[in-house]
Structures are given as C-alpha cells and as structure tokens.
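Participant: Supplied in structure tokens, the structure appears directly below.
The values are calculated or read from the model by the stated rules, or taken from the named source; none is laboratory data. Note that the structure is predicted; figures quoted are calculated from it, not measured. When we count neighbours, we look across all protein chains shown, and the Cβ atoms used for this are built from the backbone with ideal geometry, even at glycine.
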Amino acid sequence: MTRTSILASAIALALAACGPSTTPPAEAPAETPPPVTETAPAPAAPPAAPIAGGKPAVVADCATTIESNDAMQYSADAIAVPSSCTSFTINLTHAGTLAANVMGHNLVVALASDMAPIASDGAGAGPEFVKPGDARVIAHTRMIGGGESSSLTFDVAKLREGGPYGFFCSFPGHLGLMKGSIQVQ
Ligand code: ZN
C-alpha cells in the first residue's frame, strides 16, 4: 500500500464516521394517511360498445328484416351473417308515410370504404341513386317510400375476404345516419 492510498483510506474512514451526523435522519417522517372520503360506490361501467353496431339485427334462417322510417333511420346498425349461410337475404321495409322521392330508402351492401364513393357517384343516378353497373355494389334493394318494401339476396362468399363491409342508404344525404356494419360470424 502506498502512502497516498493509506491517506485516502484514512480520509474515507473519517468521512464515513462523519456520515451519520451530516445526513438527515434515516427514519422517514410518518406518512400522513390518505384522506378518507365517504363516496358511494361507483356504478358499474356499461359494457363497452362494439366498434360498429349498437343495435344488432335479428337474424334467422339466413335472413333479416331492417325497418326504415320517416326520421331517416334504420332499425339496426349491425348485421351478423352466420358463417353457415351460403346466401343471405335482407328485407327492407319503410314504416313511414313519405314518398320515395322525398324520404326514399334503399339498402346497399358494399365494402365500408366504398360506401361514400358509391353514394357520391349515385347522387346523379336518381331515382334509385345507385350508378348502373357499379361493380363496387355487392347488392342493393330498390329505393322505397313509406309502406313499401324491397329485398336483396347475395352470395355470402362475397363477404368472406377483406372487409370491413357495411350497408347504407344511397338516397342523397342519408349515408350519415343510415349505415351499419355487416360481417360473417
Ligand atoms: Zn334513405
């Protein structure tokens, strides 16, 4: 050991000895208990809403019925197509009284990302408001008014790849309110 290191050791020891007197007390101050607040138990959170569709359509025998009305609404915004179905039918009814040229509704099935372009291109294609021969349309009903109905049937295989798929009304201005999801489950 060199003289320098001995000195260093001595200083270190001295510092260590001084340590306790220069450091704050090791004991931490007593913790204040958290304030006790009397609150009613929080109500149970509602189950998380599905990504798309809060009103599922009732499906039976590979078919469903969607009702529409004078308030520009569909009765459901989610259709689950059973994977056991090879074809699927959607019946559209109109429970209102307004005519098809005023409050017309149809139901168009397409890729969700194609819905707005189909509606846009169909805006000038009245009274059906679906551009004839639009290949993006998987299926669509007629445009109906109050008291009328129309149905469509499509091959379920068309919904088995890609997606997500949706359904909507192509009457000008109705897409914002009248749309939903459709998927094979
Ligand atoms: Zn409509």
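Participant: Report whether or not L107 is at pLDDT 95 or above and away from the ligand (no atom under 16 Å from the Cβ). Quick ask: steps written out before the conclusion?
Facilitator: Values: at pLDDT 95 or above: yes; away from the ligand (no atom under 16 Å from the Cβ): no.
No, not satisfied.
Participant: If you scan segment 55-71, which residues turn out to be more than 16 Å from the ligand (Cβ to nearest atom) and assigned to a loop (DSSP other than H, G, I, E, B)?
Facilitator: K55, A57, V58, D61, C62
Participant: Next question, about the same structure. Working only within segment 132-141, note down all residues that are part of a loop (DSSP other than H, G, I, E, B) and more than 12 Å from the ligand (Cβ to nearest atom).
Facilitator: P132, G133, D134, A135, R136, V137, I138
Participant: Are there strands (runs of 3 or more DSSP E) fully within segment 142-185 with at least 1 residues that are in contact with a helix residue (DSSP H, G or I) (Cβ under 9 Å, 6 or more places away or on another chain) and surrounded by 14 or more Cβ atoms within 10 Å (Cβ to Cβ)? List them.
Facilitator: Values: elements: 149-155, 165-168, 179-184.
Strands (runs of 3 or more DSSP E) meeting the threshold: 165-168, 179-184.
Participant: List the strands (runs of 3 or more DSSP E) inside segment 72-131, counting only whole elements, that have at least 1 residues being surrounded by 16 or more Cβ atoms within 10 Å (Cβ to Cβ), more than 23 Å from the chain's Cα centre (by Cα) and touching a residue at least 60 places away in the same chain (Cβ under 8 Å). Steps first, answer last, please.
Facilitator: On the way: elements: 78-81, 87-94, 108-111.
Here the list reads 87-94.
Table: residues versus (1) touching a strand residue (DSSP E or B) at 6+ places or on another chain (Cβ under 8 Å); (2) closer than 25 Å to G54 by Cα.
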| residue | (1), (2) |
| --- | --- |
| P82 | yes, yes |
| T89 | yes, yes |
| G96 | yes, yes |
| P117 | no, yes |
| V130 | yes, no |
| S149 | yes, yes |
| G163 | yes, yes |
| G166 | yes, yes |
